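Report on the structure given below.
The values are calculated or read from the model by the stated rules, or taken from the named source; none is laboratory data. Not measured: the values here are computed from a predicted model. Positions of Cβ are backbone-derived with ideal geometry, glycine not excepted, and every protein chain shown enters the neighbour counts. Ligands, DNA and RNA are excluded from the accessible area calculation, which covers all protein heavy atoms including side chains. Shrake-Rupley method; radii C 1.70, N 1.55, O 1.52, S 1.80 Å.
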Amino acid sequence: MANKELSAVFNEIAALMEILGESKFRINSYQRTARTIKDLTKDVAQLAESGELDKLPGVGKATVEKIQAYLKDGKIDTHQELLAKVPAGLPRLLSIPGMGPKKVALAWNELKVEGIDDLKRVIASGELAKLKGMGEKSVKQIADGITFAESTSGRTPLGLAWPLADELAVLMRDVNGVTRVELAGSLRRGCETIGDLDLLCESDDGPRVVKAFTSLDKIKRVLASGDTKGSVIVERRDGEDIQVDCRVVPKASFGAAMQYFTGSKEHNVRLRERASKRGWKLNEWGLYDGDNQIAGQDEAGIYKKLELPHLPPELREDRGELDLKKAPRLIELADIRGDLHTHTTASDGKDDAETMVRAACDRHYEFMAITDHTKSSAIANGLSIDRMWRQIEKVRTLNEKIDTVSILVGCECDILSDGELDYPDQLLAACDFVVASIHSAMRQDREKVTARLLRAIESPYVNVIGHPTTRLIHRRESIDLDMEAVVKKAAETGTALECNASWQRLDLHDRHIRMAIDAGVKISINTDSHAVAQFDQMKFGIVTARRGGATPDDVINTWHLPKLRKWIATKRKRAGA
Ligand code: DGT
Ligand code: CA
Ligand code: CA
Ligand code: ZN
């Protein structure tokens with residue numbers, strides 16, 4: 001769907017106009033169009049074909065023409081004309097967190113800032129902070145924003161990389177002479193973003209397999225093509241590019257190649273040190289004693305020879321995993337008995353409660369919680385107090401009708417800016433399960449936002465803190481949080497922290513999960529589904545939790561319902577509610 005790109009173009013038109021000081025009225029109109037397109041549930045190209053574009057709110061004839069031009073040529077004249085009026089590096093400045101159109105215009109007009117390098121220079125020299133309307137605080141935010149923008153550029157979120165990798169693996173499994181295909185690299189380690197994909201094919205005929213790889217229809221450009229390795233560019237679902245490396249390895253070395261190309265680099269360095277202490281050599285072909293291969297056909301054999309447990313790929317980051325005496329039994333998708341954070345059409349979901357529940361049945365879940373937004377999340381159609389009382393009755397009725405899965409009535413309760421909850425205790429007490437999340441005032445300073453979360457955690461009715469850092473991968477940074485304090489309070493009160501499985505969030509991050517588990521805090525892995533298809537995102541949460549070292553018992557979604565209910569009741573009792 002072109003909706004997202006098109007919406008971004010309209011947003012950029014509005015931003016460029018603002019930079020160039022054009023009329024507020026036109027700017028607003030472009031912003032409105034951008035929002036309308038972003039919120040569409042249908043493909044904009046479909047609407048264009050069926051002639052329904054002009055029925056959209058605020059979309060007139062001129063806008064329809066622009067949308068059609070974009071769908072036809074991939075560009076819009078107005079946009080191109082605006083781009084011609086500003087330095088080439090300026091649009092990129094808009095994507096830096098903390099740099100809106102006003103600040104970009106200010107820096108450009110006053111200090112001739114035309115791109116990121118200029119911006120860095122005026123930050124370093126202190127000139128930027130001296131501008132009227134800037135100040136130390138916003139400059140600090142912009143400096144962090146640059147680091148953020150630079151660290152994310154070029155990487156692909158796990159949720160976009162994974163399906164693409166699976167697709168390529170399926171195609172390569174079909175190639176004649178290929179006996180095995182596996183994914184290695186950061187994808188196999190379950191990293192939240194992926195630099196490039198690393199595919200390993202088992203075969204004795206390298207040149208032919210490389211040729212088959214570089215000739216796949218999906219491939220946009222070939223970067224390199226040799227006897228055992230091909231590198232190509234493939235287009236992601238969102239139109240951006242990603243590099244894919246494919247290596248062809250004979251059976252005798254397949255395990256060694258898996259080990260080597262899974263990485264991480266740091267983990268491999270440690271492993272090689274271990275091998276060399278024993279007088280051996282480890283490389284992508286095998287583990288060698290002199291010229292003699294002593295392991296390498298399967299990966300487990302290498303770890304065994306080095307007297308290590310066969311470490312799960314997600315732990316291979318040189319974060320202490322080589323000290324483990326035994327491979328931990330990390331959580332797996334099959335351990336999950338239910339999803340505890342889902343939305344329905346009652347708030348901003350796309351599917352109604354019954355459809356969502358049926359999807360949970362399809363996954364053979366034992367339970368699920370319906371947790372629509374609460375009143376302060378107005379843009380998400382949060383439920384007023386009256387509507388929430390009715391929702392409770394409605395969901396209970398549905399629960400009686402359906403006996404394959406137990407439905408918990410809940411809500412995703414907004415944590416207001418001072419830590420107060422969006423519903424009165426009486427209403428929360430009527431819920432079976434409460435997720436509490438921050439959706440507003442995310443720029444509060446560390447002390448304030450931490451105190452805010454601690455207060456929410458203290459509520460006897462709050463079972464899980466939803467997406468605790470609120471970061472959106474490549475789009476929004478984490479709130480400035482004292483995670484240690486949050487973890488401590490969660491441990492004291494018996495509150496779980498969420499590992500939100502949506503690939504845009506993956507929040508808690510892997511290292512916070514480790515921190516939480518070490519402190520005895522339970523984790524809840526939830527998809528935050530707004531439509532049935534999103535239930536599939538559970539696997540992204542699973543690998544993230546595995547990276548944090550989570551075992552089944554650390555994760556409340558693996559418990560049977562009676563244990564979960566008892567845990568909920570214990571917090572209420574302890575808090576005297
Ligand atoms: P990415 O692609 O940036 O998300 O991260 P990786 O970990 O997939 O890194 P990549 O694709 O550069 O290489 C795949 C694996 O190959 C990496 O995790 C470890 C191994 N590897 C690559 N280059 C080296 C190296 O110079 N030394 C060692 N020891 N291992 C390497
Ligand atoms: Ca890689
Ligand atoms: Ca690579
Ligand atoms: Zn949610």
Residue count for region 209-258, restricted to those that are more than 15 Å from ligand 3 (Cβ to nearest atom), open to solvent by less than 40 Å² (accessible area, probe 1.4 Å) and within 27 Å of the chain's Cα centre (by Cα): 3
- prompt: Taking M515, is it in contact with a His (Cβ under 8 Å, 6 or more places away or on another chain), open to solvent by 10 Å² or more (accessible area, probe 1.4 Å) and either without any contact (Cβ under 8 Å) to a residue 24 or more places away in the chain or under 28 Å from E317 (Cα atoms) (or both)?
  reply: no
- request: For region 396-426, enumerate the residues that are of a type in the set (V, I, T), away from ligand 4 (no atom under 16 Å from the Cβ) and farther than 17 Å from L561 by Cα.
  value: T397
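For region 188-202, which positions are open to solvent by 10 Å² or more (accessible area, probe 1.4 Å) and more than 6 Å from ligand 2 (Cβ to nearest atom)?
Applying the first criterion (open to solvent by 10 Å² or more (accessible area, probe 1.4 Å)) to region 188-202 yields 188-189, 191-193, 195-196, 198, 202.
Answer for region 188-202, where residues must be open to solvent by 10 Å² or more (accessible area, probe 1.4 Å) and more than 6 Å from ligand 2 (Cβ to nearest atom): R188, R189, C191, E192, T193, E202.
Every residue, every condition in (1) without any contact (Cβ under 8 Å) to a residue 12 or more places away in the chain; (2) touching a Leu at 6+ places or on another chain (Cβ under 7 Å); (3) open to solvent by 40 Å² or more (accessible area, probe 1.4 Å), yes or no:
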{"position": "Q504", "(1), (2), (3)": "no, yes, yes"}
{"position": "V521", "(1), (2), (3)": "no, yes, no"}
{"position": "N526", "(1), (2), (3)": "no, yes, no"}
{"position": "S529", "(1), (2), (3)": "no, no, no"}
{"position": "Q537", "(1), (2), (3)": "no, no, no"}
message: Considering only region 479-495, I want to know if a residue exists there that is closer than 29 Å to G576 by Cβ, within 15 Å of the chain's Cα centre (by Cα) and either within 16 Å of ligand 2 (Cβ to nearest atom) or buried (at least 21 other Cβ atoms within 10 Å of the Cβ) (or both).
response: no
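Answer yes or no as to whether G154 is within 14 Å of ligand 3 (Cβ to nearest atom), more than 18 Å from V248 (Cα to Cα) and either exposed (fewer than 15 other Cβ atoms within 10 Å of the Cβ) or assigned by TED's automatic domain parsing to the domain that holds P97 (or both).
Numbers: within 14 Å of ligand 3 (Cβ to nearest atom): yes; more than 18 Å from V248 (Cα to Cα): yes; either exposed (fewer than 15 other Cβ atoms within 10 Å of the Cβ) or assigned by TED's automatic domain parsing to the domain that holds P97 (or both): yes.
Judged against the criteria, G154 is a match.
Given the options D144, D174, name the one that is out of contact with any helix residue (DSSP H, G or I) (no Cβ under 7 Å at 6 or more places or on another chain) and open to solvent by 70 Å² or more (accessible area, probe 1.4 Å). Show your work before the answer.
Working: D144 fails: open to solvent by 70 Å² or more (accessible area, probe 1.4 Å).
After ruling out the rest, the residue left standing is D174.
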message: Condition first: open to solvent by 50 Å² or more (accessible area, probe 1.4 Å) and more than 10 Å from ligand 1 (Cβ to nearest atom). Can you find one or more residues in region 260-275 that meet it?
response: yes
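Kindly indicate whether G89 is in contact with a helix residue (DSSP H, G or I) (Cβ under 7 Å, 6 or more places away or on another chain), open to solvent by less than 30 Å² (accessible area, probe 1.4 Å), modelled with pLDDT under 90 and within 19 Å of G21 (Cα to Cα). Spell out how you get there, then give the answer.
Details: in contact with a helix residue (DSSP H, G or I) (Cβ under 7 Å, 6 or more places away or on another chain): yes; open to solvent by less than 30 Å² (accessible area, probe 1.4 Å): yes; modelled with pLDDT under 90: yes; within 19 Å of G21 (Cα to Cα): yes.
In short, yes.
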query: Does at least one position in region 382-398 carry a residue that is closer than 18 Å to I465 by Cα and modelled with pLDDT of 95 or more?
result: yes
statement: Sole miss for I407 among (1) in contact with a helix residue (DSSP H, G or I) (Cβ under 6 Å, 6 or more places away or on another chain); (2) within 19 Å of R572 (Cβ to Cβ); (3) open to solvent by less than 10 Å² (accessible area, probe 1.4 Å) is condition (2)
query: For region 100-115, how many residues are surrounded by fewer than 17 Cβ atoms within 10 Å (Cβ to Cβ) and touching a Leu at 6+ places or on another chain (Cβ under 9 Å)?
result: 4
message: I need a count of the residues in region 211-225 that are out of contact with any Ser or Thr (no Cβ under 6 Å at 6 or more places or on another chain) and either in a helix (DSSP H, G or I) or within 16 Å of ligand 1 (Cβ to nearest atom) (or both).
response: 3
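Quick check, is I96 in a loop (DSSP other than H, G, I, E, B) and not acidic (D, E)? Don't jump to the end; show me each part of the working.
Working: in a loop (DSSP other than H, G, I, E, B): yes; not acidic (D, E): yes.
So I96 fits the description; yes.
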query: Any idea which of (1) out of contact with any Leu (no Cβ under 7 Å at 6 or more places or on another chain); (2) crowded, with 17+ Cβ neighbours inside 10 Å; (3) part of a helix (DSSP H, G or I) is the one L119 doesn't satisfy?
result: (1)
statement: Across (1) touching a helix residue (DSSP H, G or I) at 6+ places or on another chain (Cβ under 9 Å); (2) open to solvent by less than 80 Å² (accessible area, probe 1.4 Å), D77 clears everything bar (2)
- request: Kindly list the number of the only condition in (1) assigned to a loop (DSSP other than H, G, I, E, B); (2) within 24 Å of the chain's Cα centre (by Cα) that fails for P328.
  value: (2)
- prompt: K305 passes all but one of (1) open to solvent by 80 Å² or more (accessible area, probe 1.4 Å); (2) away from ligand 3 (no atom under 16 Å from the Cβ); (3) within 30 Å of the chain's Cα centre (by Cα); which number fails?
  reply: (3)
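Yes/no matrix, rows are residues, columns are (1) touching a residue at least 60 places away in the same chain (Cβ under 8 Å); (2) touching a Leu at 6+ places or on another chain (Cβ under 8 Å); (3) within 23 Å of V181 (Cβ to Cβ):
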site	(1), (2), (3)
E266	no, no, no
V269	no, no, no
A275	no, yes, no
K281	no, yes, no
W285	no, no, yes
G290	no, no, no
E299	no, no, yes
- prompt: Going by the conditions given, is E314 under 30 Å from F261 (Cα atoms) and either polar (S, T, N, Q) or not in a loop (DSSP other than H, G, I, E, B) (or both)?
  reply: yes
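Scan region 35-57 and give yes if some residue there is in contact (Cβ under 8 Å) with a residue 60 or more places away in the chain, outside any helix (DSSP H, G or I) and either surrounded by fewer than 16 Cβ atoms within 10 Å (Cβ to Cβ) or of a type in the set (S, T, N, Q) (or both), otherwise no. I'd like the intermediate steps shown before the answer.
Step one: of region 35-57, the residues in contact (Cβ under 8 Å) with a residue 60 or more places away in the chain are 41.
Filter once more, so that each one left must be outside any helix (DSSP H, G or I): 41.
From the residues that got through so far, the ones that are either surrounded by fewer than 16 Cβ atoms within 10 Å (Cβ to Cβ) or of a type in the set (S, T, N, Q) (or both) too are 41.
Scanning region 35-57, I find at least one residue that is in contact (Cβ under 8 Å) with a residue 60 or more places away in the chain, outside any helix (DSSP H, G or I) and either surrounded by fewer than 16 Cβ atoms within 10 Å (Cβ to Cβ) or of a type in the set (S, T, N, Q) (or both), so the answer is yes.
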